[in-house]
């Protein structure tokens, strides 16, 4: 299982962080699970009013993330799923999403939670979507990672008293 070895993250004092979640629309069942997991994590962290937006697909996540990162959000979470098919389309979309979201995070200094599933088949995606019976909850994990990073960045940028 790919989730083996994942850290147990504890995030405190993050209720006032501004968080945006961007979710692709392809593969509705999987995306509903990812988005539900993300919203559950936000609620657990005490973030009451996140911004939730939808884009057509995973390829559109980086441009939306760039715009939101530039509008004062402390963290952005990108959720999507790409399932391998019989053409190179999978490779191009996965690479574009990963590189694009990384570039957004590095260039803006805003943490981007990577909740993009890149799977060989639909069952692998379902197993990671946080649905009943899923082994993993990648929507929840992406939010927790982005918010934990934003909280850490804020703590090291505040002056010591």
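The values are calculated or read from the model by the stated rules, or taken from the named source; none is laboratory data. These numbers were taken from a predicted model, which means no experiment stands behind them. Quick reminder, even Gly has a Cβ in these numbers, built from the backbone with ideal geometry, and neighbours come from all protein chains shown.
Can you tell me which residues in the range 74-133 are over 20 Å from residue 64 (Cβ atoms) and touching a helix residue (DSSP H, G or I) at 6+ places or on another chain (Cβ under 7 Å)?
83, 84, 119, 125, 126, 128, 129, 130, 131
Take the residues in the range 88-99 that are more than 13 Å from the chain's Cα centre (by Cα) and under 18 Å from residue 23 (Cβ atoms); name whichever of them is surrounded by the fewest Cβ atoms within 10 Å (Cβ to Cβ).
Here the residue is 96.
For the range 136-149, give me each residue that is crowded, with 23+ Cβ neighbours inside 10 Å and either without any contact (Cβ under 8 Å) to a residue 12 or more places away in the chain or within 11 Å of residue 14 (Cβ to Cβ) (or both).
Selection gives 143, 144, 146, 147.
Of all residues being in contact with a helix residue (DSSP H, G or I) (Cβ under 6 Å, 6 or more places away or on another chain) and modelled with pLDDT of 95 or more in the range 1-34, which is surrounded by the fewest Cβ atoms within 10 Å (Cβ to Cβ)? Just the residue, please.
Filtering the range 1-34 for residues that are in contact with a helix residue (DSSP H, G or I) (Cβ under 6 Å, 6 or more places away or on another chain) and modelled with pLDDT of 95 or more, the one surrounded by the fewest Cβ atoms within 10 Å (Cβ to Cβ) comes out as 17.
Could you tell me which numbered condition residue 133 fails, if it satisfies all but one of (1) loosely packed, with under 13 Cβ neighbours inside 10 Å; (2) in a helix (DSSP H, G or I)?
The single condition residue 133 does not satisfy is (2).
Among 110, 55, 106, which is the only one that is crowded, with 19+ Cβ neighbours inside 10 Å and more than 24 Å from residue 32 (Cα to Cα)?
One residue alone meets the criteria, 110.
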